[in-house]
Amino acid sequence: MVSPPVRGLDARLVVASGNGFTLDIDLAIRSGHTVALLGPNGAGKTTAVQALAGLRSLDAGRIELHGRVLDDPAGNVFVPAADRHIGVVFQDYILFPHLNVAENVSFGLRSAGVGASEAVAAARSWLDRLDIAELAERRPGDLSGGQAQRVALARALITEPAMLLLDEPLAALDVTTRARLRRTLADHLEAYEGPRLLITHDPTEAYLLADEIHLIEDGAITQVGTAEDIRLRPRTRYAADLAGSNLVTGTASAGVVESAGHRLRVGDTTIHGPVLATIHPRAISLHRNEPEGSPRNTWRTSVDRIEHYGDRVRIQTGPPMPLTAEVTPNAVDALGLHEQSSIWVSIKATEIDVTAG
Amino acid sequence: MTGPVRRTTRPPALVLVLAALGLAVFVVPLLGLIARVPWSRLPELLAGDVVGDALRLSLLTSIAATVISALIGVPLAWVLARMEFRGKSLVRGLVLLPLVLPPVVGGAALLFALGRRGIVGGPLNDLTGIVLPFSTGGVVLAATFVAMPFLVITVEGALRNLDARFEGAAATLGASRWRVLFRVTLPMILPSLAAGLALTWARALGEFGATITFAGNLQSRTQTLPLAVFVALENDRDTAIALSLLMVVVSLGVLIGLRDRWWRSW
């Protein structure tokens, strides 16, 4: 009796590059889940994509996808990219410039030996699914960033890959397109049943698209958790900076974001519907008594936790809206802060960034 | 809002004079040739036996040299562009050598290597009976020797500039190496490949020194257009001029075909 193979990705990636940089990370992704590999430029994210896709071999470690070993230097196994069946949406999309959109999308099926007319018909149905049917005859050079992204997604998904890799899928887009396409991307990710890995340097993207975030810094995973875990308990300076930003999901209407019954006044009065509000910890002021002055959000709460990070102190506040504030050690002394002490929070409306969620 | 750029400084007169002289070096010979063309006798001259044989042989051998260059020069360019190995710069130097080597020396080298008593030619003759010197095959080989470097350097440059991620993307889509090569790599470098082939063909068509040294000058077997021009100059100037005009027209045709690539994109 053979036990059913594990559905998903189970990998340890070790890749040493010539200049002393080594990538060494563990990665496990269940089917139907999205993991974000979030890190700064040069952290080794693209190397990880290449190793998983089979575009470069591991120096040590092992890649196993749905129970099939794809790379195992110790066992002398290396399955080349063409035989891995892993769909990749590349950074900058890398659409073939000499082929039109339909030919780009049908490329994978043609490679698998599907006949031309059948492959093009399948490509058209995928384009239709992504609402870009009218682009079939265009060349990639004539597409907008958003259109190119959808073509790249269709090209990767048409072969029903065993896993989906997205390398900075939104980085090439301008800010407004990015917010819109993030939502459609979320829908399409949801519809894909295999394990999905999202590579990004944008925390918002990771928070909105991934079930679990792996922070990668200098070739190593420094923290794994949900957006909430990382925000509340950042383990490194980078994580603190990233997570630094308080993220509040809610519904916007006429300059007010309502989140779990709590109302925040925000600077942007034009945005409506589901939003993600971002508040930088240094934008949050703490006071002993009720502050007065310009219109701002103020409420009374308590200090849940105090954490020292060198010359900075992070203060975790309690209900009704738990937030992380960052102050200097002097301010902690001046305010006489300790855990459980009562405190007033104030945030200027204009210090709250709101993006469509 | 700004009009055409106005030149605020004129170049010194001396520069203009020297530039005009430079241009004259190219233009005067052409004018001299065209001035002597016996236009009324041209059809009759071009219809002659010697001309017909030379034209046929030149087309055959230059196209054969181009096809051979494509078959072995493109893989060579690929190896130079994509592989790292010891002695690579030496290999590249050897590939480029025919560009600077006097063709006569190339022809002599071919003769020593592939002549009947040459280090390769001897065994080749013993085993297969093939004799390259003073044969049409020898013309093709001489033309390939001098012309193929144009294809190799053009294609190598294009392959180096090609973003390898396109080939990687094709591989992740399940494309075999051959499919990647024929559906992605070669189509993407097609403009350079075409330019390289055109240059190679033009160089093969004009080849003289290595050909006459290695293959001789036998009408209908090894006497190509340039050789026929050289012979005709001795005893039949009008035919020589007609042949020369023919080659000028062909060369201009190649240049016009490459104009977008070579003239304008600067």
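The numbers here are math on the coordinates, done by the rules we state, and not lab data. All figures in this text were calculated on a predicted structure; none of them were measured in a lab. Methodologically, a virtual Cβ is constructed for each residue, glycine included, from the backbone with ideal geometry; neighbour enumeration extends over all protein chains shown.
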Exercise for review: Give the share of C-alpha pairs in each 10 angstrom bin for the protein assembly as shown, from 0 to the last occupied bin, in whole percents, shortest bins first.
Suggested key: 3, 12, 17, 16, 14, 13, 10, 7, 4, 3, 1, 0
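Label chain B by shape, choosing from rounded, prolate and oblate, from the square roots a ≥ b ≥ c of the eigenvalues of the Cα gyration tensor; if a/c is under 1.5 it is rounded, and otherwise prolate applies when a/b is larger than b/c, oblate when it is not. The partial results should precede the final answer.
Working: a/c = 1.92, a/b = 1.05, b/c = 1.84.
Oblate.
For segment A:246-356, give the magnitude of the charge dipole about the Cα centre (Cβ charges: +1 Lys/Arg, -1 Asp/Glu; no others), in debye to the nearest 20. Provide the component values of the computation, followed by the final result.
Details: 10 positive and 12 negative charges, 28 e Å.
Rounded to the nearest 20 debye, it is 140 debye.
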Review point. So how do B:Val152, A:Val175, B:Val67, A:Val303 line up by other beta-carbon neighbours within 10 Å, fewest first?
Key: A:Val175, B:Val67, A:Val303, B:Val152
Review point. Could you give P(r) for segment B:172-225, binned at 5 Å from zero, as whole percent values over all Cα-Cα pairs?
Key: 4, 16, 15, 13, 10, 9, 9, 11, 7, 3, 2, 0
Study note, to complete from the structure: Site B:Leu181, offset 7 angstrom along Cα→Cβ, radius 18 Å on amide nitrogen, limited to segment B:77-107, gives B:77-84
Practice item. Among the chymotrypsin sites (Phe, Trp or Tyr not before Pro) in segment B:1-86, which ones are in a DSSP loop with at most 10 other Cβ atoms within 10 Å of the Cβ? Mind listing them? Key: B:Phe85
Review point. Could you give the nm distance between label points at A:Arg180 and B:Leu30, where each point is 7 Å from its Cα heading toward the beta carbon?
Key: 5.3 nm
Review point. Segment A:184-267: Rg/Rh from Cα coordinates, Kirkwood Rh?
Key: 1.03
Check your understanding: Quick one, what does Rg over Rh come out to for segment B:193-266 if you take C-alpha atoms and the Kirkwood Rh?
Key -> 1.07
Study note, to complete from the structure: Over all viewing directions the Cα convex hull of segment A:1-63 casts an average projected area in nm² of 5.3 nm²
Study note, to complete from the structure: Mean separation of Cα contacts under 8 Å (at least 6 apart) over the residue count of chain A, i.e. the relative contact order in percent, is 16 percent
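About the Cα centre of the protein assembly as shown, what is the dipole size in debye to 20, counting +1 per Lys and Arg Cβ and -1 per Asp and Glu Cβ, all else neutral? Mind dumping the intermediate values first?
Numbers: 57 positive and 57 negative charges, 330 e Å.
Roughly 1580 debye for the protein assembly as shown.
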Review point. How are the C-alpha pair distances of segment A:246-356 spread across 10 Å bins, as whole percents from the shortest bin up?
Key: 15, 46, 30, 9, 0
Review point. Along its principal axes, what span do the Cα atoms of segment B:142-260 show, with the longest given first and each in whole Å?
Key: 66, 31, 20
Review point. In nm, to one decimal, how far is the A:Arg124 label point from the B:Val105 one, both placed 7 Å along Cα→Cβ?
Key: 6.2 nm
**Study point:** Neighbouring partner chain Cβ atoms per residue of B:174-185, average, 10 Å criterion
**Key:** 4
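How high is the relative contact order of chain B, given as a whole-number percent (alpha carbon pairs under 8 Å, six or more residues apart)?
Details: 292 pairs, mean separation 77.4, N = 266.
29 percent.
How large is the dipole of chain A about the Cα centre if only Lys and Arg carry +1 and Asp and Glu carry -1, each at its Cβ, rounded to the nearest 20 debye?
Values: 34 positive and 44 negative charges, 66 e Å.
Approximately 320 debye in magnitude.
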Practice item. Scan segment A:269-357 for trypsin sites (Lys or Arg not before Pro) in coil per DSSP, keeping those whose Cβ has at most 14 other Cβ atoms within 10 Å, and list them by number. Key: A:Arg288
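Expressed as cubic angstrom per residue, what is the convex hull volume of the alpha carbon set of segment A:78-130? Before the final figure, lay out each step's value.
Values: hull volume 5.2 nm³, N = 53.
That works out to 98 Å³ per residue.
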Check your understanding: What is the log10 of I(q)/I(0) for chain A, computed with the Debye formula using one identical point scatterer on each Cα and no solvent, at q = 0.15 Å⁻¹?
Key -> -1.24
Exercise for review: Report the convex hull volume per residue for segment B:54-146, counting only C-alpha atoms, in Å³.
Suggested key: 123 Å³
Revision key, fill the gap. Rounded to the nearest Å, the spacing of the alpha-carbon centers of segment B:190-207 and segment B:117-182 is 14 Å
